[in-house]
1. Has region 65-75 got any residue that is within 21 Å of residue 298 (Cβ to Cβ) and touching a residue at least 40 places away in the same chain (Cβ under 8 Å)?
2. Against the definition (modelled with pLDDT of 95 or more, out of contact with any strand residue (DSSP E or B) (no Cβ under 6 Å at 6 or more places or on another chain) and in a loop (DSSP other than H, G, I, E, B)), how does residue 124 come out, yes or no?
3. What pairs come up if the first residue lies in region 79-96 and is without any contact (Cβ under 8 Å) to a residue 60 or more places away in the chain, the second is surrounded by fewer than 18 Cβ atoms within 10 Å (Cβ to Cβ) and part of a helix (DSSP H, G or I), and their beta carbons are under 7 Å apart, counting only those six or more places apart or on different chains?
4. Let me confirm something: among 309, 281, which residue is in the same structural domain as residue 19 (by TED's automatic domain parsing), modelled with pLDDT of 95 or more and touching a strand residue (DSSP E or B) at 6+ places or on another chain (Cβ under 7 Å)?
5. Is it fair to say residue 133 is within 29 Å of residue 220 (Cβ to Cβ) and in a loop (DSSP other than H, G, I, E, B)?
6. Take region 250-266 and flag every residue that is out of contact with any strand residue (DSSP E or B) (no Cβ under 9 Å at 6 or more places or on another chain) and under 13 Å from residue 282 (Cβ atoms).
């Protein structure tokens, strides 16, 4: 394996790690520099130097929460970081003096999940759904990232799972996520709203009591209260998991993957999310695919982005050298 650096960029942190013949290096992490584009790119360079630790490296991979034109590495759209319109592949490549490969953060996380802890490819066809503040996704087909025609494939949060179509189809608005989308119904924000609704409807519940004490409740409060046996919180978590299960079924019916992986902060709910989501998905998957249902929680957790970005660089270097 080539020696590469993988960078994972988020709205709150940037992380980098080295991948090489000896496995993974030390994970480096800093709060994201959001003041200017220049400050953020300087941070990328600094983290690469730190992760390299004085060793040479052959390429850099970077995953960003953006829609990326992969061939040029241009950031086509970005809501959380100041990189829109930046040709990041060439800009960072000039600074570092090695090839740089840029892709969506959820997409490279999916590539990481297709590999085991020894960095061996173990799942050639995989769909990853990242459940966080919003919902993202990544698709791996035949061991490689699937990007679509323009680099925007994998925006699974935008798929519609609850849109009423009778008697009239509602007109689409300009606001995203759209009502009825997977992101609107199964994201972390969706669970926040469900928890707040339970607290308002049942002031005597655990969530109602917590809201009276703290002035608010959030999704993780619902997960904890449900685990402690509060039935109202259990309903909120079940509704959240139900929506995600429909999204999982759509992914299976569309891609027939070897497995669907649930990642992001929402995966911290563990079996409280996975089991009911899987049960719902079974009811919506085509009968011919029932034996192909495999859904699990992410194995790489918070390291998935940096590891996947590094694996992206490894794959692309191999393609260049063929």
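The values are calculated or read from the model by the stated rules, or taken from the named source; none is laboratory data. Small disclaimer: the values here were computed from a predicted structure and weren't measured. All Cβ positions, even for glycine, are placed from backbone atoms using ideal geometry, and neighbour counts span all protein chains on display.
1. If we filter region 65-75 for residues that are within 21 Å of residue 298 (Cβ to Cβ), which is where we start, we get 65-66.
Then keep just the ones that are touching a residue at least 40 places away in the same chain (Cβ under 8 Å); that gives 65.
Yes: one or more hits.
2. Numbers: modelled with pLDDT of 95 or more: yes; out of contact with any strand residue (DSSP E or B) (no Cβ under 6 Å at 6 or more places or on another chain): yes; in a loop (DSSP other than H, G, I, E, B): yes.
So residue 124 fits the description; yes.
3. Cβ pairs passing all conditions: 95/45; 96/45.
4. Details: 281 fails: in the same structural domain as residue 19 (by TED's automatic domain parsing).
None of the other options fit; the residue is 309.
5. Details: within 29 Å of residue 220 (Cβ to Cβ): yes; in a loop (DSSP other than H, G, I, E, B): yes.
Yes; evaluated as a whole, the condition is true for this residue.
6. Of the residues in region 250-266, the ones out of contact with any strand residue (DSSP E or B) (no Cβ under 9 Å at 6 or more places or on another chain) are 250, 253, 256.
Selection gives 253 alone.
Each row is one residue, and each column tells you yes or no for (1) crowded, with 19+ Cβ neighbours inside 10 Å; (2) at pLDDT 95 or above; (3) in a helix (DSSP H, G or I).
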| residue | (1), (2), (3) |
| --- | --- |
| 18 | yes, yes, no |
| 26 | no, no, no |
| 42 | no, yes, yes |
| 56 | no, no, no |
| 61 | yes, yes, no |
| 72 | no, no, no |
| 80 | no, no, no |
| 101 | yes, yes, no |
